[in-house]
Each structure stands twice: as C-alpha cells, then as structure tokens.
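Asker: This is the structure, below, for whatever I ask next.
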Amino acid sequence: MARGDMKIDTLAVGAEEEILNRKEFQAVANTIDFSEVSDTASNGLKVVKAGTPVDKDGKPVKSTPWENAVGILLHDVYEDRPQTAVLKQAYINTTRAQKNSKLTYDGALAAALNLAGCRIVFEEPVVLATGAGG
C-alpha cells in the first residue's frame, strides 16, 4: 500500500466513557499538556477526562469563565498517550460528559465554545450563568 492510501473509517477506543448523544462529530487533533494536571487514574497515570474543555495549547480548562476553551475532549487522555481528538462539532450528552469530567457546564461554556468557532450542541440543559449574589 502506498503512503496516503490509508484512511480511518471509524474511531474506537475500548472502555472509554461515551459522551456523545449522536455518532456524528468533527474533531481536531491536539496534544494534552499535563503540566498542571493532578488527577490520576487507577493505573497511576495522570488523566484528563472526556468532556473536559481544553484550550488551543492542550491545557484543560476546568471552570467558568472557560477562557480560551476551543473544544471538548472526546475520550479520556492519559499522560503516556497525550494525543487526542478535541470536539469542534458534536451533540454532547451533557449529563454523561459532566459526570465523567466532574465539571458543571454553564451558559458561559457554550458562549466560549461558540466564540472559538465550535458548534457543540448540549443535548440536555446546561446551568445558566448567574451574576454575583444570584
């Protein structure tokens, strides 16, 4: 087979949390920066969970105002294999993604992703951002 003849028809990762509600999605490749990650998996490796927003440099973005978020991780990513797919267009199962990432999405996340050119559809409602004292 000559170079360039290979293509990927499907993407499958065994035993990964499924955060999509629908099969269709568009993603871009990125490498996760583990320099500020402290969460570890049962195998002792640092992990960033599916459903976590990331910035263009691969750093996890874990709280509102979600500054610099450019997409959401499709799969759990471990420090020994930091390459991943970052969702740019997808139908997210909000409940599963929040549970897996241990984050709470809000309206500010949807706005930040929209500014980054993403077309992420949250299939269940997200918490509306509230003002101070709200």
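Asker: As an exercise, identify the trypsin sites (Lys or Arg not before Pro) in segment 32-134 lying in DSSP coil whose Cβ has no more than 12 other Cβ atoms within 10 Å.
Answerer: Values: sites: 46, 49, 56, 62, 88, 96, 99, 102, 119; in loops: 49, 56, 62, 102.
In loop regions of segment 32-134 (DSSP not H, G, I, E or B), the sparsely surrounded trypsin sites (Lys or Arg not before Pro) are 102.
Asker: Name the shape class, rounded, prolate or oblate, that the alpha-carbon gyration tensor gives for segment 13-109, where a ≥ b ≥ c are the square roots of its eigenvalues, rounded holds for a/c under 1.5, and otherwise prolate holds if a/b is larger than b/c and oblate otherwise.
Answerer: On the way: a/c = 1.35, a/b = 1.16, b/c = 1.16.
It comes out rounded by the Cα gyration axes.
No value in this document is a laboratory result; all are computed from the given coordinates. Keep in mind that what you see is a predicted model, and the values were worked out from it rather than measured. Glycine gets a Cβ as well: all are built from the backbone with ideal geometry, and neighbour counts include every protein chain shown.
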